[in-house]
1. Report the gain in length on full extension from residue 134 to residue 13: 0.36 nm times residue separation, minus Cα-Cα distance, nm rounded to one decimal.
2. How tilted is helix 330-340 with respect to the longest principal axis of the chain? Cα atoms for both, answer in degrees (0 to 90, nearest 10).
3. Where does each of 229, 246, 130, 273 land when they are ranked from fewest to most other beta-carbon atoms within 10 angstrom?
4. For residue 173 and residue 142, what does the FRET efficiency come to when R0 = 25 Å and r is the distance between their Cβ atoms, rounded to the nearest 0.05?
5. Among 125, 328, 185, which one shows the highest mean-square fluctuation when the chain is modelled as a Gaussian network with alpha-carbon springs under 10 Å?
6. How high is the relative contact order of the range 246-340, in percent, counting Cα pairs under 8 Å that sit 6 or more residues apart?
7. Please express the shape of the chain as an equivalent ellipsoid: the semi-axes are the square roots of 5 times the eigenvalues of the C-alpha gyration tensor, given largest first in whole angstrom.
8. Go ahead and run the numbers for FRET between residue 218 and residue 58, Cβ-Cβ distance against an R0 of 56 Å, rounding to 0.05.
Ligand code: SF4
Ligand code: SF4
């Protein structure tokens with residue numbers, strides 16, 4: 001439970017502190033409400049982002065509860081705001097004030113505590129970080145290798161996500177791509193920064209930047225859109241340095257070059273969920289769709305909210321570690337959109353989206369009838385011929 005902000009900082013100073021912490025566009029808001037109309041949370045809960053911005057403008061007087069932690073930083077409202085208010089920056093800056101005062105929701109605080117103590121939000125042992133890779137081991141990166149793989153904590157420690165990691169390694173090996181990892185790899189820090197833990201983020205950024213620059217790698221391939229965003233846009237020490245590529249982009253290139261050939265048909269009606277950090281934040285809408293289109297038999301159908309207008313799964317901005325009532329989960333709302341186009345399988349390209357959509361499916365009692373897959377797993381199945 002968060003504390004009322006007036007116990008944390010004098011109210012009259014709060015707006016100025018938010019501006020100093022990166023939310024300096026907040027006063028441009030003229031309360032038109034376009035953001036609230038855009039925000040997917042408005043469809044499932046009483047969260048109204050316009051009201052939150054007003055509260056920030058008014059020095060947070062009367063703020064209480066956990067509204068501030070609803071935003072999943074999906075960026076939809078930012079793209080639509082007529083006054084170019086950097087809404088995600090304002091919310092993140094306000095969270096910094098809260099975090100500095102020790103006022104963070106319990107489950108999110110626990111994940112941040114895990115990052116602080118072991119370098120990942122899953123309480124995984126650091127020395128076991130890459131131990132999942134048994135079928136195809138993950139060697140330490142050497143400059144003679146094609147790519148440095150930067151592997152998301154969720155792939156490293158979550159058993160379901162590891163299957164996507166294993167499929168990734170099989171595909172890269174089959175295509176003749178040589179790869180290695182850096183042993184000092186830690187969480188990219190995306191959740192920490194968006195949860196207001198700038199102190200944690202800075203430490204992770206320093207560690208990972210040192211490791212990547214020290215490796216001499218020219219090409220870094222990330223397994224998560226969140227790592228892709230953070231390394232390419234939020235690590236100043238990597239600016240102008242190595243190329244940062246999301247793995248699905250690389251796989252598309254390998255298909256185009258004829259180094260991966262999907263042969264076995266997968267005869268399914270599939271809809272694709274754009275991860276916010278691959279779609280709106282990075283503008284990469286086509287790579288995953290091109291991979292799906294290359295697989296024989298796949299019938300790709302689009303949900304009502306797609307590409308630039310896609311709906312968040314609920315996992316970004318620290319949402320992965322926050323409890324929501326089933327009726328307030330965006331993943332449930334997303335499954336209802338899949339129902340509208342008759343798809344019982346949602347494919348995506350992000351470890352967070354996969355876990356959130358699995359959670360939504362379970363909340364709806366659909367574990368046996370509906371499926372969440374990563375486009376990488378589908379490609380791996382088709383390339384290996386395991387579908388026939
Ligand atoms: S869309 Fe922009 S200007 Fe309109 S209420 Fe939201 S933040 Fe304010
Ligand atoms: S970034 Fe997304 S989740 Fe956050 S307030 Fe805007 S639309 Fe809502």
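1. Once the chain is fully extended between residue 134 and residue 13, it gains 38.1 nm.
2. Roughly 50 degrees, rounded to the nearest 10.
3. Details: 229 23, 246 26, 130 18, 273 29.
Ranked by crowding around the Cβ, least crowded first: 130, 229, 246, 273.
4. Working: r = 16 Å, r/R0 = 0.65.
For residue 173 and residue 142, the calculated efficiency is 0.95.
5. Of the options given, 125 has the highest mean-square fluctuation.
6. On the way: 99 pairs, mean separation 27.8, N = 95.
With pairs under 8 Å counted, the relative contact order is 29 percent.
7. Whole-Å semi-axes of the equivalent ellipsoid: 35, 25, 18.
8. Working: r = 50 Å, r/R0 = 0.89.
Using R0 = 56 Å, I get an efficiency of 0.65.
Every read-out reported here was derived from the displayed coordinates using simple, explicitly stated rules and does not represent laboratory data. Source: prediction; values computed, not measured. Note that each Cβ is placed from the backbone with ideal geometry, even for glycine, and that neighbours are counted across all protein chains shown.
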